[in-house]
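Student: The structure follows.
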Amino acid sequence: MKRKFYNQTADKADLRNDLDRDIESFLAGGGQIVNVQAGETALESRAAPLRTPIFNEPRISRTPLDDVVATLDERRKTQLKGAAKPKRPRKTQPRKRVIYDDFGEAVRTVWSDE
């Protein structure tokens with residue numbers, strides 16, 4: 001798709017023209033369009049509908065793990081109590097700043113501690 005500007009988005013007319021061009025190139029390359037009747041399907045046997053394989057088994061009872069989760073939470077709390085240390089203040093690094101003139105041209109660069 002050719003656009004006048006880099007950031008210009010395609011509108012419906014552009015998309016329609018692109019689709020028409022793609023169809024013409026498909027047909028020119030020997031492609032063929034086949035019409036499909038309403039209600040026709042690609043399934044070999046239409047007698048049985050598709051079955052969902054996820055929910056065809058009986059429900060299984062689950063093992064409660066509340067005591068295991070509580071043990072893990074307690075272990076995590078004891079590990080976190082000793083891990084809290086005061087952080088050192090971060091040392092500031094000098095940064096490079098560019099000084100511009102009134103016309104937006106770079107005049108010079110300076111290092112500042114801000």
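Bear in mind that the values in this text are calculations on the coordinates, not laboratory data. Here the structure is a predicted model, which means the values were calculated and not measured. FYI the Cβ positions are ideal-geometry reconstructions off the backbone, even for glycines, and counts take in every protein chain you see.
Student: Between Q32 and R59, take the C-beta separation as r, use R0 = 35 Å, and let me know the FRET efficiency to the nearest 0.05. The partial results should precede the final answer.
Tutor: Working: r = 50 Å, r/R0 = 1.44.
Once the sixth-power term is evaluated, E becomes 0.10.
Student: Once phi is turned into θ = phi - 60°, what whole-Hz ³J(HN,Hα) does the Karplus curve with 6.51, -1.76 and 1.60 give for every residue of the range 25-31, x standing for Gly and Pro?
Tutor: After applying 6.51 cos²θ - 1.76 cosθ + 1.60, I find 5, 5, 5, 5, x, x, x Hz.
Student: How much length is gained if the chain between A13 and R97 is pulled fully straight, taking 0.36 nm per residue apart and subtracting their Cα-Cα distance, in nm to one decimal? Working shown, then result.
Tutor: Numbers: separation 84, 0.36 × 84 = 30.24 nm, distance 4.73 nm.
Net length gain for the segment: 25.5 nm.
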